[in-house]
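The numbers here are math on the coordinates, done by the rules we state, and not lab data. Remember, it's a predicted structure, so these values are computed and weren't measured experimentally. All Cβ positions, glycine included, derive from the backbone under ideal geometry; neighbour counts span all protein chains shown.
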Amino acid sequence: MFEIFAPSYKRAIGKSTHKILPDVTYVVSESEKDDYLKSGEHNRFWFVPPSAQGNLCRIRNYILDNSKSKKILLLDDDHTRFGRWENNKRTVVDTEQIMEFIADMFELCDQGDFKFWGVLPNNDNMSYRNQAPYSLSSYVGGPWQGFNDCALRYDENLPLKEDYDMTLQVLNKYRKLLRANYFIYYPKQHNNTGGCAVYRNTIREVEQLKLLKKKWGSRIVKDGSKHSIGKTTDRESATEDINPIISIPIKGI
């Protein structure tokens, strides 16, 4: 059986994933225990030592190392809804449909010996291709990452580019992953407080991009925009500018 976890940091009020997925367990530092319990919105918590928090990669690794299950879905704590593409139209899915989808994906992973899976990281109309419901070597975003007895762990030096790095780690070791391109998510991300927003800024993002490129090479990690990084004053635009494009040297979709 699989387990669903969402690391949560300084979002006792701002968390929202449980409203669509009541089975999610929020992983919270013991130092914030009272704040989360007082929120009264949810009763599934895993309180961990404060030393396990403060770095997204560290807390995700803690979950992977200490969960009783080998089938683990890691989500952001601020999802607002989930959906899927049907006949080139977006539809919102309910809790039962989401849980069925998760179970089906873990079953597909078992059948195809996939160690890592995810969903389409962009809900834009231009992102979905109905002739490609699945991808086997494409980027999997951090807000939704599934692990199926996967031996890999996040690089704590890359807490702002952890999803790109994990995608590359998986493809480097296992040569494949499973991404369902017909399923989409809607997290608050940049509009929310707490979480990575506590330590995310343009300067750190640029530093992280450089580290990612140094680790994997400029032939695999490329700048995501031709715009000059750091000159924009709009936070959302700046974030777009510093999202890399990863070029996977593996044939296939």
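Taking K and R as +1 and D and E as -1, what net charge do the other residues with C-beta under 11 Å from the C-beta of Gln97 add up to? Result for the neighbourhood of Gln97: -3.
Farthest toward the positive end of the dipole of the chain, out of Tyr164, Ser29, Ile246, is the Cα of Ile246, where the dipole comes from beta carbon charges about the Cα centre.
Sorted from longest to shortest, the spans of the Cα atoms of region 31-121 along the three principal axes equal 47, 32, 21 Å. Largest first, the three principal axis extents of the alpha carbons in region 98-149 are 32, 23, 22 Å in whole numbers.
Of all DSSP beta bridges confined to the chain, the antiparallel ones make up roughly 60%. Only the Cβ atoms of Lys and Arg (+1) and of Asp and Glu (-1) were treated as charged; on that basis the dipole of the chain about its Cα centre amounts to roughly 860 debye. Note down the net charge around Asn88, summing +1 for each Lys or Arg and -1 for each Asp or Glu among other residues with Cβ under 14 Å from its Cβ. Taking every other residue near Asn88 into account, the sum is +2. The Cα center of region 1-38 and the Cα center of region 118-147 differ in position by 25 Å. Take the Cα of Asn172, step 7 Å toward its Cβ, do the same at Met126, and the gap between the two points is 3.1 nm.
Across region 89-102, coupling constants 3J(HN,Hα) worked out from phi with the 6.51/-1.76/1.60 Karplus curve, θ = phi - 60°, read 10, 8, 10, 8, 9, 8, 4, 4, 5, 5, 5, 5, 4, 4 Hz, and Gly and Pro carry x. Computed over neighbours whose Cβ is under 9 Å from that of Lys10, the net charge equals -1, Lys and Arg +1, Asp and Glu -1.
Per the Debye calculation on region 3-192 with a single equal scatterer at every Cα and no solvent contribution, log₁₀ I(q)/I(0) for q = 0.11, 0.16, 0.17 Å⁻¹ amounts to -0.47, -1.02, -1.15.
Annotation for Met99 and Tyr186: the two label points, set 7 Å from Cα along the Cα-Cβ direction, are 2.2 nm apart.
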